Structure formats: C-alpha cells, structure tokens
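Q: Supplied in structure tokens, the structure appears directly below.
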There are 2 protein chains.
Amino acid sequence: MLQVLKSTVAAIGPLDAAAMAEARNRQDRLTKPLGALGRLEALSIQLAGITGRVPLGFPRRAVVVCAADHGVAAQGVSAYPQAVTAQMVLNFLGGGAAINVLARHAGARLVVADLGVATALPAHPELLSRRIGPGTADFTTGPAMSRSQAETAIATGIEIVAGEVRRGLDLVATGEMGIANTTASSALVAVFTGETPETVTGRGTGVTDEVWRHKVDVIRRGLALHAPDPQKPIDVLASVGGFEIGALVGVILGAAAHRVPVVLDGFISGAAGVVAGAIQPLAPHYCIASHRSVEQGHRAALAWLGLEPLLDLNLRLGEGTGAVLAFPIIEASAKLLAEMATFDGAGVSEATDTPPDAAE
Amino acid sequence: MLQVLKSTVAAIGPLDAAAMAEARNRQDRLTKPLGALGRLEALSIQLAGITGRVPLGFPRRAVVVCAADHGVAAQGVSAYPQAVTAQMVLNFLGGGAAINVLARHAGARLVVADLGVATALPAHPELLSRRIGPGTADFTTGPAMSRSQAETAIATGIEIVAGEVRRGLDLVATGEMGIANTTASSALVAVFTGETPETVTGRGTGVTDEVWRHKVDVIRRGLALHAPDPQKPIDVLASVGGFEIGALVGVILGAAAHRVPVVLDGFISGAAGVVAGAIQPLAPHYCIASHRSVEQGHRAALAWLGLEPLLDLNLRLGEGTGAVLAFPIIEASAKLLAEMATFDGAGVSEATDTPPDAAE
C-alpha cells in the first residue's frame with residue numbers, strides 16, 4: 001500500500017469524547033426545552049467530537065468535485081453520451097452548473113479535479129489535472145483499473161484535501177461527475193452491503209424497465225467476473241469502481257485524518273464513503289450525510305455507514321449539490337451550541353416537570 | 001369585519017401563471033437531467049408565481065415573532081410556568097435565544113411583537129408593543145377572546161407585515177412564543193381539519209400518558225363548550241385561538257396580499273396558516289412549509305394546507321427557528337433557476353433518450 005495511504009489511515013482516531021461530553025452538557029443548559037432542537041443537537045455534538053472543541057462555525061469551506069469517465073458506459077447504461085462528462089467539467093469551470101451556483105451561495109470554494117475524463121480537457125487555471133488514465137476500463141470484460149491505479153486515485157484525493165487544509169479548511173464536501181458512475185457505485189455498494197444488484201440499482205426518472213434490467217444485468221455480470229472480496233476494499237475499488245470514486249475515498253480519509261467534517265453528497269459520494277469505511281471503520285464518524293438521493297442504492301449505503309441524511313429533497317444531480325445545500329444547516333447547529341444563552345445566564349425558568357409543549 | 005382585513009383578503013389573487021410557465025420552461029433547459037433538482041424545481045416555480053418574476057434571490061428577509069399568553073395554561077397543560085413567555089421575550093430582546101442565533105445566521109431581521117403577554121414587559125426599542133390584553137381567557141370556561149379582539153389581532157399582523165414591506169421585504173417567516181399555545185393550536189386544527197383532539201394533540205418529549213390525556217380532555221371540553229363552526233374562521237379563532245396566532249394569520253394574509261413568500265415555522269404557524277386559508281383559500285399558495293414538527297397535529301395542518309415541508313429535523317422549538325433554517329434552501333432554489341447555464345448556452349449535450357443516471 002502507498003505510504004501516504006497507510007499513514008493517513010493510521011492517523012484517523014476516534015472522535016474526541018471530552019469535547020462531545022462538553023457539547024452535550026452545554027446543549028442541555030441552553031434556553032429551550034430539552035431536545036427541542038431535534039437532530040441539530042446530535043449534529044452539534046458530532047461536530048464537537050470531530051473538531052475537538054465546541055465549534056463556532058465553519059468559515060473556510062470547500063467542495064471537491066472529482067470527475068472521470070467509466071468504461072462501462074460502453075454497455076449503454078446511461079442516457080447521456082460519455083462526452084457529457086467533459087462538457088460538464090467545462091461548465092463547472094465556466095461557472096454555469098448547479099454546483100457553481102450552490103457553492104457561491106454557501107460561500108464554499110469549488111475545487112474541480114480531472115481524475116481521468118475520456119476527452120482531453122484544455123489546461124485551465126481552475127482545473128486540477130490529476131489524470132490516472134482516459135477513463136476506466138469496462139468492468140464487464142476486465143478490472144476497471146489496476147490495484148496500483150486504485151491506490152493512486154485514493155492518494156490523489158488525500159493530496160487534494162491536504163492542499164485545501166493548507167489553504168485553510170473547516171468544512172469540506174464531496175462531489176463528482178462521471179457518466180455511468182451510478183453503475184460503478186451500485187456495484188460497489190452491492191459488494192460491501194451484501195445487497196443484490198436489483199436492490200441497489202436506481203431507476204432514475206423516466207428509466208424504462210428494460211434499461212433498468214439491462215443495468216442490473218451489467219452489474220451482475222461484473223460482480224460474477226470479479227467475485228470481489230469486501231475484506232479487500234482497494235481491490236474491490238480496482239475491480240468495479242472509478243477513478244473519481246477512488247479520489248473521493250481519499251478526500252474522506254484525508255478529511256478524517258485532519259479532523260475536518262466531511263459532508264457526503266448523494267449516491268456516488270455514499271459509495272465512496274462505504275469504501276472509506278471498509279478501509280478505516282472510524283472514517284464514517286467524520287462524515288455527515290447531507291441528503292437522501294432518489295437513487296435507491298443510497299439507502300443501503302447510508303444504512304451501512306450508520307448515517308441519517310439531513311435533507312430529503314428528491315435530488316439526483318450529484319456534483320456535490322446536496323452537500324453544499326446542507327452547509328448552512330450544519331453551520332447553524334454549531335452556532336446554536338456556541339451562541340445561545342443558558343437558562344441561568346438568561347434568567348429563564350426551567351420546566352417544572354417534563355417539558356412537553358413550551359412553544360411547540 | 002375590519003376594513004383593513006376586508007381589503008387585504010380582497011387583494012390576494014392567484015399566483016402569476018405566466019411567471020410560473022416561464023420558470024418551468026427555464027428549469028427544463030438548465031444544464032442538469034430533467035427533474036434532477038427534485039423539490040427545488042417546484043419551489044422555484046412557486047416563488048416565480050408568488051413574486052410574478054423569475055426571482056433572483058431574497059436579500060431583504062425578516063422573521064416576525066409574535067408572543068402572547070393563554071388563559072388555558074391555568075388548566076396545567078404545559079410543563080413550563082406561564083412566566084416563561086415573558087422571560088423568553090426578554091431573551092429574544094437580549095439576543096440569546098435560538099431564533100436570535102438563526103436569524104443572524106440567515107441574515108434576517110428579527111421583529112418581536114407583544115400581542116398580550118401576561119406579565120407586563122418593560123418598554124424596549126426592539127419590541128413592538130401591540131397588546132390586545134394580558135393573555136387570552138381560559139377557553140374551557142368561555143371564549144378565549146371577543147370577536148373584536150380576534151379581528152384586531154389579525155389586523156395587527158397585517159399592519160406589522162405592511163411596516164416590514166415599507167422597510168423592504170423579499171421573504172418573511174412566522175414565529176411565536178406563548179406557553180400553552182400548542183393547546184390552542186390543536187383545538188384550531190381539530191376544528192378545521194375535522195380530526196379528533198387525540199389525533200392533533202402532541203405528546204412532546206417525555207410527556208406522560210396522563211398529561212397528554214388531560215390536554216386532550218381540555219381541548220375536547222373547549223370544543224364542546226363552543227361548538228365552533230369552521231365556516232366562520234374568525235369566530236373559531238375567538239373561541240379557542242390566541243392573540244399571537246391571530247397576529248400570525250394577519251402576517252400570512254398581509255404577506256400574500258403584498259406577494260411576499262411567507263415561510264411557516266412549525267405547528268403553531270401551521271395552525272395560523274389553516275385559519276388564514278379558511279379565511280382566504282388562496283393564501284396557502286403564498287406559503288412555504290419549512291419543516292415537519294414533532295407535534296403530531298402539524299401533519300394534519302400541512303395536509304389541510306396542501307404543503308410539504310422542506311426539512312424534517314425533529315424540531316419542536318417554535319420561535320420561527322425552523323422557518324429561518326429553511327431560508328438558505330429557498331434562496332438556493334431561486335438562485336439555481338436564475339443563475340444556472342442552459343444546455344444550448346453551455347454547449348452541453350442533452351439526454352439521448354430518457355435521462356436515468358447522468359451523475360447520480
């Protein structure tokens with residue numbers, strides 16, 4: 001295993017129990033009925049555990065969008081031509097994609113990395129060129145990539161997030177672009193969760209039964225060919241994964257090693273989270289699930305990760321869009337913990353008994 | 001009926017169909033698979049219909065928090081002493097409550113109005129004193145307020161929102177504070193939805209079966225005493241409502257008349273929305289449901305309003321907290337519509353057939 005990968009995995013420790021206890025104690029003294037902030041309370045405690053302090057907010061924010069192509073696109077599993085991957089990367093660089101709008105809205109830097117888009121892209125000052133190859137190979141006829149390429153993809157993600165940490169990073173989101181990458185993600189999630197390809201393969205909007213059955217069959221053939229062993233997660237990534245998915249695994253592991261909360265977008269990011277968790281079981285503790293994708297495999301990935309998403313808006317766009325949409329909620333949970341008055345400090349009476357219905 | 005109430009109700013028209021058609025058409029040309037932005041697409045179309053244009057964002061934001069006390073608190077339906085209403089208003093004015101933190105976070109002005117808190121409050125430059133009385137009467141022994149007071153409460157909300165419109169207002173949220181106001185809200189929602197008191201009365205966290213049964217019985221006795229007629233919504237408000245709930249009815253009607261989107265917080269705001277919708281059936285079209293409260297009556301209120309909440313975070317705090325938490329998502333939906341590139345503009349290929357799985 002590459003040295004940087006080994007040392008990053010070793011650097012990931014458990015959440016800070018003392019900071020979590022302090023946060024939990026403070027939550028219970030804030031001027032509100034016990035538990036009235038619902039899921040924002042547990043979220044603030046997790047953030048304290050990740051960062052090691054009662055966090056005051058996350059002013060330095062980034063979303064890392066990794067793009068690559070997939071050989072399995074040749075099997076006709078996507079309604080979009082493969083050229084769209086490159087076109088959308090250019091759209092990211094031009095500022096016109098959904099992730100551009102939402103990153104600006106969330107005050108997050110947008111970091112776009114080419115891990116292996118099939119069509120060559122012109123050099124651009126805003127594009128990190130980290131190409132591992134011109135797309136993966138078709139996993140129905142052989143491994144998507146070599147073991148060495150899989151390690152390089154993960155190491156690249158680790159290096160990208162380390163660069164962002166050097167620029168200053170309090171909160172990071174994962175995003176991706178790659179035609180046919182739901183097919184790779186369904187294959188990965190099937191391997192680690194033990195679910196069948198049928199269960200973890202999405203229909204998307206308007207997909208016919210026929211296209212969906214074909215997609216499931218493509219995944220089933222890939223899994224039959226490689227018989228991937230979930231105990232060897234990097235080999236699984238090499239067999240049926242993608243370059244951009246591997247890089248996101250690295251972003252997640254790197255963020256966890258630097259104790260930076262990492263916000264997972266939808267299904268593909270969830271699949272990367274599962275691979276990261278298979279490599280280092282502590283990594284998911286540093287992850288926040290932003291939204292529940294329409295893609296049905298996302299539920300299995302989130303259940304495996306033990307994460308409950310914050311938003312459920314029927315998104316299925318990727319790019320990191322759902323993740324940055326959740327940024328204001330994540331920041332709000334931290335600010336509530338840090339800035340609210342306590343009962344004693346504000347002179348507010350506490351509940352005489354249990355607090356059933358003050359306010360609502 | 002008061003003249004301002006009559007003219008406000010008459011000023012509320014249907015959403016702008018031409019602006020909605022333009023927004024829908026633009027959504028389908030943005031560089032994303034059709035429908036991939038999920039509920040944010042329908043939200044942006046509603047916002048276009050409300051404002052009459054493809055909205056660019058909502059820079060001038062406010063949350064109106066109306067506070068008042070409830071005579072029915074004497075029946076022991078809340079775990080908190082009535083004094084907490086006044087204490088929490090002082091906490092709002094001191095900047096230490098959850099709504100202060102979240103309003104700052106959302107860039108929203110916080111407008112606090114006293115509609116009738118039992119304990120007299122000292123004058124404060126940030127407090128709108130619009131007292132109708134020292135709290136309502138106990139609705140188990142007589143009407144909560146007179147018909148004239150109910151009209152005044154609604155007119156006061158209309159006047160408050162008109163003042164905010166004069167200061168500049170693109171987006172407004174409703175919030176409240178009032179010990180025992182879930183009891184009044186459950187009674188109101190039961191009347192208009194036809195649900196039983198059991199179905200629309202919440203247990204809150206930790207409420208014992210005994211307390212909950214007592215609360216249901218209090219509501220049942222109130223409804224038996226007044227036999228409120230849902231065809232006469234202002235009389236229903238007078239029988240079992242609250243001053244702050246009446247003011248929120250006015251905020252909703254006033255916002256709709258000024259074509260300003262109004263973001264409903266949780267259960268009490270939902271009950272006010274139901275009363276507003278009973279007075280003017282077009283009013284709910286101007287409403288956005290922010291979150292699904294833990295209070296079980298909220299589901300019935302949202303179903304009656306035909307609204308689906310954006311967030312589901314197990315909040316049960318009120319004050320407008322859930323509503324301002326949704327502000328960034330609402331603004332994001334508008335910005336996506338206004339700022340994203342179109343397929344032709346960005347040179348991105350469209351789906352060859354149906355768009356099942358580009359990205360995710």
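Q: Under 17 Å from B:R259 (Cβ atoms), over 16 Å from the mean Cα position of the chain (by Cα) and open to solvent by less than 10 Å² (accessible area, probe 1.4 Å): does that describe B:G163?
A: Taking the combined requirement at face value, the residue does not satisfy it.
Q: Here are some residues: A:G222, A:G175, A:G133, A:G202. Which one is open to solvent by less than 10 Å² (accessible area, probe 1.4 Å) and either charged (D, E, K, R) or in contact with a strand residue (DSSP E or B) (Cβ under 7 Å, 6 or more places away or on another chain) (or both)?
A: Details: A:G222 fails: either charged (D, E, K, R) or in contact with a strand residue (DSSP E or B) (Cβ under 7 Å, 6 or more places away or on another chain) (or both); A:G133 fails: open to solvent by less than 10 Å² (accessible area, probe 1.4 Å); A:G202 fails: either charged (D, E, K, R) or in contact with a strand residue (DSSP E or B) (Cβ under 7 Å, 6 or more places away or on another chain) (or both).
Answer to the check: A:G175.
Q: Please pick out the residue among B:A351, B:A323 that is at pLDDT below 95 and among the aliphatic types (A, V, I, L, M).
A: Values: B:A323 fails: at pLDDT below 95.
Among B:A351, B:A323, only B:A351 is at pLDDT below 95 and among the aliphatic types (A, V, I, L, M).
Q: Given B:A137, B:A153, B:A123, B:A144, which one is more than 30 Å from B:H258 (Cβ to Cβ) and among the aliphatic types (A, V, I, L, M)?
A: Of B:A137, B:A153, B:A123, B:A144, the one residue that is more than 30 Å from B:H258 (Cβ to Cβ) and among the aliphatic types (A, V, I, L, M) is B:A137.
Q: Kindly indicate whether any position in the range B:200-223 is in a helix (DSSP H, G or I), among the small types (G, A, S) and over 18 Å from the mean Cα position of the chain (by Cα). Break it down into steps so the answer makes sense when it comes.
A: Here is the first cut: in the range B:200-223, the ones in a helix (DSSP H, G or I) are B:200, B:209-223.
When the remaining residues are screened for being among the small types (G, A, S), the result is B:222.
Filter once more, so that each one left must be over 18 Å from the mean Cα position of the chain (by Cα): B:222.
Yes, there is a match, as at least one residue in the range B:200-223 is in a helix (DSSP H, G or I), among the small types (G, A, S) and over 18 Å from the mean Cα position of the chain (by Cα).
Q: Any residue that is within 11 Å of A:A86 (Cα to Cα) and not in a loop (DSSP other than H, G, I, E, B) - is there at least one of those in the range A:115-138?
A: Within the range A:115-138, one or more residues are within 11 Å of A:A86 (Cα to Cα) and not in a loop (DSSP other than H, G, I, E, B).
Q: Take B:R220 and tell me if it is in contact (Cβ under 8 Å) with a residue 12 or more places away in the chain, on the phi > 0 side of the Ramachandran plot and assigned by TED's automatic domain parsing to the domain that holds B:A137.
A: For B:R220, the condition - in contact (Cβ under 8 Å) with a residue 12 or more places away in the chain, on the phi > 0 side of the Ramachandran plot and assigned by TED's automatic domain parsing to the domain that holds B:A137 - is not met.
Q: Considering only residues that are more than 8 Å from chain B (Cβ to nearest Cβ) and under 26 Å from A:G202 (Cα atoms), look in the range A:86-99 and name the one that is surrounded by the fewest Cβ atoms within 10 Å (Cβ to Cβ).
A: In this case the residue turns out to be A:A86.
Q: A further question follows. Given the criteria crowded, with 18+ Cβ neighbours inside 10 Å, among the hydrophobic types (A, V, I, L, M, F, W, C) and either facing chain A (nearest Cβ under 7 Å) or in contact (Cβ under 8 Å) with a residue 24 or more places away in the chain (or both), does B:L282 qualify? If you could, list the steps in order and put the result at the bottom.
A: Numbers: crowded, with 18+ Cβ neighbours inside 10 Å: no; among the hydrophobic types (A, V, I, L, M, F, W, C): yes; either facing chain A (nearest Cβ under 7 Å) or in contact (Cβ under 8 Å) with a residue 24 or more places away in the chain (or both): yes.
In short, no.
Q: Of all residues in the range A:42-60, which are within 14 Å of chain B (Cβ to nearest Cβ) and either in contact with a Ser or Thr (Cβ under 6 Å, 6 or more places away or on another chain) or surrounded by 23 or more Cβ atoms within 10 Å (Cβ to Cβ) (or both)?
A: A:L43, A:S44, A:P55
Q: Restricting attention to the range B:178-200, which residues are farther than 16 Å from B:W212 by Cα and touching a Ser or Thr at 6+ places or on another chain (Cβ under 6 Å)?
A: The one that is farther than 16 Å from B:W212 by Cα and touching a Ser or Thr at 6+ places or on another chain (Cβ under 6 Å): B:G178.
Q: Check A:A334, A:A351 and return the single one that is part of a helix (DSSP H, G or I) and of a type outside the set (V, I, T). First the steps, then the outcome.
A: Details: A:A351 fails: part of a helix (DSSP H, G or I).
That would be A:A334, the only listed residue that is part of a helix (DSSP H, G or I) and of a type outside the set (V, I, T).
Q: Residue under question is B:A153, and the condition is that it be within 14 Å of another protein chain (Cβ to nearest Cβ), surrounded by 24 or more Cβ atoms within 10 Å (Cβ to Cβ), among the aliphatic types (A, V, I, L, M) and part of a helix (DSSP H, G or I); does it hold? Let's see the steps before the verdict.
A: Numbers: within 14 Å of another protein chain (Cβ to nearest Cβ): no; surrounded by 24 or more Cβ atoms within 10 Å (Cβ to Cβ): yes; among the aliphatic types (A, V, I, L, M): yes; part of a helix (DSSP H, G or I): yes.
So B:A153 does not fit the description; no.
Q: Listed residues B:R24, B:R39, B:R29; which is of a type in the set (D, E, K, R), under 30 Å from A:E295 (Cα atoms), in contact with a strand residue (DSSP E or B) (Cβ under 7 Å, 6 or more places away or on another chain) and outside the structural domain of B:I179 (by TED's automatic domain parsing)?
A: B:R29
Q: How many residues, within the range A:247-276, are assigned to a loop (DSSP other than H, G, I, E, B) and open to solvent by less than 10 Å² (accessible area, probe 1.4 Å)?
A: Residues that pass the stated criteria total 4.
Q: Would a scan of the range B:5-25 turn up a residue that is open to solvent by 30 Å² or more (accessible area, probe 1.4 Å), of a type in the set (D, E) and touching a residue at least 24 places away in the same chain (Cβ under 8 Å)?
A: yes
Q: For residues that are open to solvent by less than 10 Å² (accessible area, probe 1.4 Å) and not in a loop (DSSP other than H, G, I, E, B), scanning just the range B:75-85, find the one that is nearest to the other protein chains (Cβ to nearest Cβ).
A: B:V84
Q: Next up: Take A:G116 and decide whether it is touching an Asp or Glu at 6+ places or on another chain (Cβ under 7 Å), open to solvent by less than 10 Å² (accessible area, probe 1.4 Å) and small (G, A, S).
A: Taking the combined requirement at face value, the residue satisfies it.
Q: Report, by residue number, each residue of the range B:214-239 that is charged (D, E, K, R) and in contact with a Lys or Arg (Cβ under 8 Å, 6 or more places away or on another chain).
A: Within the range B:214-239, B:D235 is the sole residue that qualifies.
Q: Might you check whether a residue that is modelled with pLDDT under 95, open to solvent by 10 Å² or more (accessible area, probe 1.4 Å), within 8 Å of chain B (Cβ to nearest Cβ) and more than 30 Å from B:C66 (Cα to Cα) occurs anywhere in the range A:292-301?
A: Within the range A:292-301, one or more residues are modelled with pLDDT under 95, open to solvent by 10 Å² or more (accessible area, probe 1.4 Å), within 8 Å of chain B (Cβ to nearest Cβ) and more than 30 Å from B:C66 (Cα to Cα).
The values are calculated or read from the model by the stated rules, or taken from the named source; none is laboratory data. Just so we're clear, the structure is a prediction, and the values are computed from it rather than from any experiment. Don't worry about glycine lacking a Cβ; one is built from the backbone with ideal geometry, like all the others, and counts go over all protein chains shown. Keep in mind that these areas ignore ligands, DNA and RNA; they rest on the heavy atoms of the full protein, side chains included. Shrake-Rupley method; radii C 1.70, N 1.55, O 1.52, S 1.80 Å.
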